[in-house]
1. Would you check if there is a residue in region 82-97 being more than 30 Å from residue 7 (Cβ to Cβ) and buried (at least 16 other Cβ atoms within 10 Å of the Cβ)?
2. Can you pull out every residue in region 8-23 that is farther than 23 Å from residue 173 by Cβ and touching a residue at least 24 places away in the same chain (Cβ under 8 Å)?
3. Filter region 1-22 for residues that are in contact with a helix residue (DSSP H, G or I) (Cβ under 7 Å, 6 or more places away or on another chain) and assigned to a helix (DSSP H, G or I) and give the result.
4. Report yes if residue 147 is part of a helix (DSSP H, G or I), under 19 Å from the mean Cα position of the chain (by Cα) and surrounded by 13 or more Cβ atoms within 10 Å (Cβ to Cβ), otherwise no.
5. Could you identify the single residue in 157, 137 that is assigned to a helix (DSSP H, G or I) and under 30 Å from residue 55 (Cα atoms)?
6. On the given criteria, is residue 70 loosely packed, with under 12 Cβ neighbours inside 10 Å and part of a helix (DSSP H, G or I)?
7. If I filter region 155-176 down to residues being closer than 15 Å to residue 6 by Cα and surrounded by 13 or more Cβ atoms within 10 Å (Cβ to Cβ), which single residue comes out as nearest to the chain's Cα centre (by Cα)?
8. So, in region 33-48, of the ones that are touching a helix residue (DSSP H, G or I) at 6+ places or on another chain (Cβ under 8 Å) and farther than 30 Å from residue 151 by Cβ, which residue ends up surrounded by the fewest Cβ atoms within 10 Å (Cβ to Cβ)?
């Protein structure tokens, strides 16, 4: 004959163990979701920073290009002054070639600065896009891990109930 005190305690212990295990799995899922959300937020913040850096890169390139144009104009002005001081006509011959070269190479410098700035800006925008995509992936992973943990919690709880039921049944049907 089963013990009327021990049998319910064994069944209660099995149910308690299953409940605690299921709750632990549930909490792991919640923690995984929170971790995914946190990583997504960090990634989104990094994307914002990359966008700001892209804008700053473009603006710095524009400033540097203006400065290069100013330096070119200054060099050309100095050349013109020296040419004029030597009583050489500015618009013809070697004097004109020198000034044209100065402006041509100056503009080449400006275009190189602007091109490099645009490349850097584009790379930073790509980085921002990648970080936004990564944020979405982190959120998906967190949700998936939470779902997996919730399924595990449910399975653990069902398994515990089945085990407790079987133990109760077995103990109830025991013969002396």
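Each reported figure results from applying straightforward, stated rules to the coordinates on display, with no laboratory input. These numbers come from a predicted model, not from an experiment. Glycine gets a Cβ as well: all are built from the backbone with ideal geometry, and neighbour counts include every protein chain shown.
1. Within region 82-97 (the criterion being more than 30 Å from residue 7 (Cβ to Cβ) and buried (at least 16 other Cβ atoms within 10 Å of the Cβ)), the answer is yes, since at least one residue qualifies.
2. 19, 21, 22, 23 - these are the residues of region 8-23 that are farther than 23 Å from residue 173 by Cβ and touching a residue at least 24 places away in the same chain (Cβ under 8 Å).
3. 7, 10, 11, 14, 15, 17, 18, 19, 21, 22
4. Values: part of a helix (DSSP H, G or I): yes; under 19 Å from the mean Cα position of the chain (by Cα): no; surrounded by 13 or more Cβ atoms within 10 Å (Cβ to Cβ): yes.
No, not satisfied.
5. Within the list 157, 137, the selection yields 137.
6. Spelling it out, residue 70 is indeed loosely packed, with under 12 Cβ neighbours inside 10 Å and part of a helix (DSSP H, G or I).
7. 164
8. Ranking the qualifying residues of region 33-48, first place goes to 48.
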